[in-house]
Amino acid sequence: MNFIKDTINLSEGTIESKRQEIRDYFLQTYELDEKLFDLLKDKQCLYEQPNRLRHPLIFYYGHTATFFMNKLNVSNILKTRINKTYEAIFAIGVDEMSWDDLESENYTWPTYEQTKAYRDEVKELVLELIDTMEFSLPINWESPMWIILMGIEHENIHIETSSVLLRELDIEFLIDEELFTYNNEGSTTYPQNELLPVEEGEVLLEKDRANPIYYGWDNEFSFHKSYIDTFKASKYLVSNGEYLEFVKADGYSKLHYFTKDGLKWLDFTQAKLPTFWIEKEGVYFLREINRIVPLPLNYPVDINVYEAEAFCKYKSEQLGFEVRLPSEDEFYRLNDYVRAQECEANIGFKYFNQTPVDKYPMGEESEFYDVVGNVWQWSITPTYPFDDFEAHPAYDDFTTPTFDDRHALMKGGSFISLGNEVLRSARYAFRKHFFQHAGFRYVQSSNPYREKLNDNVYETDEQISQYCEFHYGQENFGVKNFPKNSVELLKPYLQDVKKEKALDLGCSVGRSSFELATIFDEVLGIDFSANFINVGIKLKKYESLTYKIATEGELFKENSISLKDFGLENIKQRVSFMQGDACNLKDLYTGYDVIFCSNLIDRLYYPQKFLDDVPKRVNSGGLFVLLSPYTWLEAYTPKENWLGGFIKDNKEVSTIDTLKKNLENEFELVDLIDVPFVIKETNRKYQHTLSQMSVWKKR
């Protein structure tokens, strides 16, 4: 099979030629994703769970299709769904995050045949959109076609991550037929590594959201520049043979080689070898995706960050000077120095496995090998945002949940990388204990590097900081704290209501969830934005959280908060947070005594779907509580989906009248209350608003 190595140029050509390119690109990716699962002996194997921290394989088979549907709906390109149930259960749960709900009893997975039929329907719908959607060149963030490309590049990522999960699956579930091309140049010898100089130079990354040449994820845009002094880097990626020296030196038992977090991982796994190595009576073998071969000592080792860091400490002892993982900027400098993007490499499915570390030189004049391709290369740099970072509104949680020091950037792509993944500008990060066809090279360098991002500071996201201040900051102009006051005003209506389960839907950064937990035994906060719920999660986990508040122009001040500050420390275990779409919730979110929705309804892309669905999740005698200032804006909700604020048939339509019409059969309207709030934008700019609280009791 021939695959497209590079992603599509978004600025050249004609509209019709671009349609055909995107159509071919979509079909290639969509069909390749499915072909990967043909490696399973039986489609029942899709219900196996290769990694207990990840979903069964059926989730990933369905997820890439539902991603298209969910993003097209959120972006208001589509107004309909193919299967709302599938588009809820297959929506979230890819990165192992603390809000992921991985309990198997919470899921009723569809059959393979049902999921395949669903994928086929999505395929036809996307093809029709590609053929008919109006767009112009260049295709940028504002273009509807960007969402199609987002789905394609998202599926490229999952082709790679799914291949890793297949590699983690017991090999008895996989066929041994070679559906792809393997490299068979493994050897019992390996080249001796050495450190070679990389000349000093400037690193420049510049990508324009308005006029991109290629598709990019949110963390690639804006501007970044640094100057890297001369340093040395290993000629080759660290091979299995070089890493075997560490293993035979009993490296996994020498705890001083491992970082604090590395020791926790080591204690949890009791690892003595790389995950994909197998030892039988002193002989080593390598687990590839669907076969086991004698350990090829000349292939790059495939490990996680903790193992790579430990090896570097071991190697430093052997060399008598310090070596470490390269920083992201040092990788860019090496990449530019050898012009790696112009070189042939083991990338884009050339092979379905790794190749010898001395097979692909980076140009005729360079002595370096595999600066790109073969395996991803771990860096010492945690994920961090470039200046002027912005999250794309359709996928605001692609990068920001990784700003936590627990995700390390990896560079260069692997043998299975496609599309955006192979570009110089690509910035992907995974949790440090993950396995992702990733190895490493080491450097001897005096260049400074970013080793830690303060994982409790949201210094790059003004909206997050503003909401933190709104939920947890000081009161302004005598107006009470809105989330706390809303719950206080609700209390008189709770006298005859069970107080077992509450759902805070549209919980934002979590203050109302914590306040509800002073009343209810169990509170679940759900928000569409992973960035928002991450604040609540961090407040539960850490002693404090710091955010920056705009004061004037480019000036800011820091504010630090903790649950102890608000007397909420002792109830935090009652609260959990999940990411979810209020317009398409999973079926398991039901049976609540109170569903509390604060300033949510006028920010939904399809509020009528929300009203049709959510009230059914309230117990009889329970309350459905809506707060909203009814500030309908087309930026959030297409005008045809507004519930009020317009004239129809020569009559004014108000939101409360629409709510009454929708809810009166199942609910009694108990009360309407005006709740004021103030949002601080800067020291001298505030928003003063009245939200209307409507309290509805389920009949």
Computed over the Cα atoms of region 195-444, what is the ratio Rg over Rh, Rh following Kirkwood?
0.96
Cross-link table Lys564/Lys586; Lys586/Lys616; Lys260/Lys557; Lys235/Lys411, entries beyond 21 Å C-alpha to C-alpha
Lys564/Lys586; Lys260/Lys557
Of Phe331, Tyr314, Cys343, which is farthest along the charge dipole of region 310-358 in the positive direction, counting Lys and Arg as +1 and Asp and Glu as -1 at C-beta?
Tyr314
Straight-line reach only, C-alpha to C-alpha below 12 angstrom: list the aspartates and glutamates that Lys498 could link to, leaving out same-chain residues fewer than 8 apart.
Asp521, Glu522, Asp593
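Note down the Stokes-Einstein diffusion coefficient of region 15-173 in µm²/s, whole number, using a Kirkwood radius over alpha carbon pairs, 25 °C, and 0.890 mPa s.
D = 149 µm²/s.
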Could you tell me the largest-minus-smallest coordinate of the C-alpha atoms of region 561-634 on each of the three principal axes, in descending order and whole angstroms?
38, 31, 23
Return the calculated 222 nm mean residue ellipticity for the chain, to the nearest 500 deg cm²/dmol, obtained by summing -39500 (n - 2.57) across DSSP H runs with n ≥ 4 and dividing by the residue count.
-8500 deg cm²/dmol
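Please compute the net charge surrounding Pro356, taking Lys and Arg as +1 and Asp and Glu as -1 over other residues with Cβ under 11 Å from its Cβ. All intermediate terms of the calculation are to be shown ahead of the outcome.
Details: positive: Lys359; negative: Glu185, Asp358, Asp370.
Overall, the nearby charge balance is -2.
Near Glu128, within a Cβ-to-Cβ distance under 14 Å, what is the net charge of the other residues, with Lys and Arg +1 and Asp and Glu -1?
Summing Lys/Arg as +1 and Asp/Glu as -1 gives -2.
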Leading residue at positive end of dipole, the chain (Cβ point charges), from Ile130, Pro607, Ile213
Pro607
Name the lysines eligible as straight-distance cross-link partners of Lys651: C-alpha to C-alpha under 28 Å, and not fewer than 8 places from it in the same chain.
Lys79, Lys609, Lys639, Lys660, Lys661
Set the Förster distance to 45 Å, then compute FRET efficiency between Glu199 and Thr259 from the Cβ-Cβ distance, nearest 0.05.
0.90
Using only the alpha carbons of the chain, determine the length spanned along each of the three principal axes and report them from longest to shortest in whole angstroms.
79, 51, 51
Work out which helices of the chain, taken as complete DSSP H runs, extend at least 24 Å along their axis over the Cα atoms and score a mean Kyte-Doolittle of 0.0 or more, then list them.
57-74, 144-168
Could you compute how fast region 14-93 diffuses translationally, taking Rh as the Kirkwood radius over C-alpha pairs and applying Stokes-Einstein at 25 °C with viscosity 0.890 mPa s? Give it in µm² per second.
169 µm²/s
Fewest-first ranking of Phe26, Phe520, Phe435, Phe268, using other Cβ atoms within 10 Å as the exposure measure:
Phe268, Phe435, Phe26, Phe520
Compute the distance from the alpha-carbon center of region 590-619 to that of region 27-84, in whole Å.
27 Å
Evaluate E = 1/(1 + (r/R0)^6) for Lys248 and Asp38, where r is the Cβ-Cβ distance and R0 equals 41 Å; express this FRET efficiency to the nearest 0.05.
0.60
Stokes-Einstein D for region 180-314 at 37 °C, 0.692 mPa s, Kirkwood Rh over Cα pairs, in µm²/s?
182 µm²/s
Options Val238, Asn183, Ser222, ranked by Cα towards positive dipole end of region 168-296, top entry (Cβ charges)
Val238
Computed from the beta carbon distance with a Förster radius of 41 Å, FRET efficiency for Glu134 and Asp496 to the nearest 0.05 stands at 0.15
By counting other Cβ atoms within 10 Å of each Cβ, how are Ser529, Ser654, Ser226, Ser620 ranked from fewest to most?
Ser620, Ser654, Ser226, Ser529
Neighbour counts of other C-beta atoms within 10 Å: give me Asp527, Asp504 arranged from fewest to most.
Asp527, Asp504
Ratio Rg/Rh [Cα only; Rh per Kirkwood] for region 462-698:
0.96
Straight distance only, please: which lysines reach the Cα of Lys248 with their own Cα at less than 19 Å, same-chain residues fewer than 8 apart left out?
Lys272, Lys280, Lys313, Lys315
Cβ-defined net charge surrounding Lys225, 11 Å radius [Lys, Arg +1; Asp, Glu -1]:
-4
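Bear in mind that the values in this text are calculations on the coordinates, not laboratory data. Worth saying up front: this structure is predicted, and the values here are computed from it rather than measured. When we count neighbours, we look across all protein chains shown, and the Cβ atoms used for this are built from the backbone with ideal geometry, even at glycine.
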